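Participant: Handing you a structure now.
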Amino acid sequence: MSDLIRRKASSFEEYWLASKAWQRQGLALGTARALVNAGFLTVEDLHTAHELELATIPRVGPKSLAILYVLMGRKMPDAPKRRGGRQPTNRLPLREPTAVQGRN
């Protein structure tokens, strides 16, 4: 992780303007606010970020990370492969759709 101390928005206006700037770059409002809260006010602030630092910001998921890496001009790192194939889920198996009886 980076030892750099990130600057926070000094006023609500700066916070709001930075959030709106992130939105114009294609990020959701929640993600934009999370970036500003983490000290990423501009695209230039991203260039000093470590991959893990960006990935651990709340509300920044794979889609947002892809946008951020494009903005930084970097290739997004590959996700680690899971061992053992698919992970079990708690979902019920899908059933085949049945025809509604009595309608023609």
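Every number here is computed from the coordinates shown, using simple stated rules; none is lab data. Every value quoted in this text rests on a predicted model; they were computed, and no experiment measured them. When we count neighbours, we look across all protein chains shown, and the Cβ atoms used for this are built from the backbone with ideal geometry, even at glycine.
Participant: Using θ = phi - 60° and the Karplus relation 6.51 cos²θ - 1.76 cosθ + 1.60, list the HN-Hα couplings for segment 33-49 in order, rounded to whole Hz, with x at every Gly or Pro.
Facilitator: The phi angles translate into 5, 5, 5, 5, 4, 7, x, 9, 8, 9, 4, 4, 5, 5, 5, 9, 7 Hz.
Participant: At a Förster distance of 25 Å, what's the computed FRET efficiency of residue 44 paired with residue 16, Cβ-Cβ distance as r, to 0.05? List each step's numbers first, then the result.
Facilitator: Details: r = 19 Å, r/R0 = 0.76.
Once the sixth-power term is evaluated, E becomes 0.85.
Participant: Another question, then. Taking the Cβ-Cβ separation of residue 28 and residue 5 as r and a Förster radius of 35 Å, what is the calculated FRET efficiency to the nearest 0.05? Please report the intermediate quantities before stating the final value.
Facilitator: On the way: r = 26 Å, r/R0 = 0.75.
The computed FRET efficiency comes out at 0.85.
Participant: Using label points projected 7 Å from each Cα along Cα→Cβ, tell me how many nm separate residue 51 and residue 63, to one decimal.
Facilitator: In this crude spin-label approximation the distance works out to 2.3 nm.
Participant: Apply the a/c threshold of 1.5 to the C-alpha gyration tensor of segment 19-72 and tell me whether it is rounded, prolate or oblate. Spell out each step's value before the answer.
Facilitator: Working: a/c = 1.24, a/b = 1.17, b/c = 1.06.
Judged from the Cα gyration tensor, segment 19-72 comes out rounded (a/c under 1.5).
Participant: What is the sum of charges around residue 35, taking Lys and Arg as +1, Asp and Glu as -1, for the other residues whose C-beta is under 14 Å from the C-beta of residue 35?
Facilitator: +4
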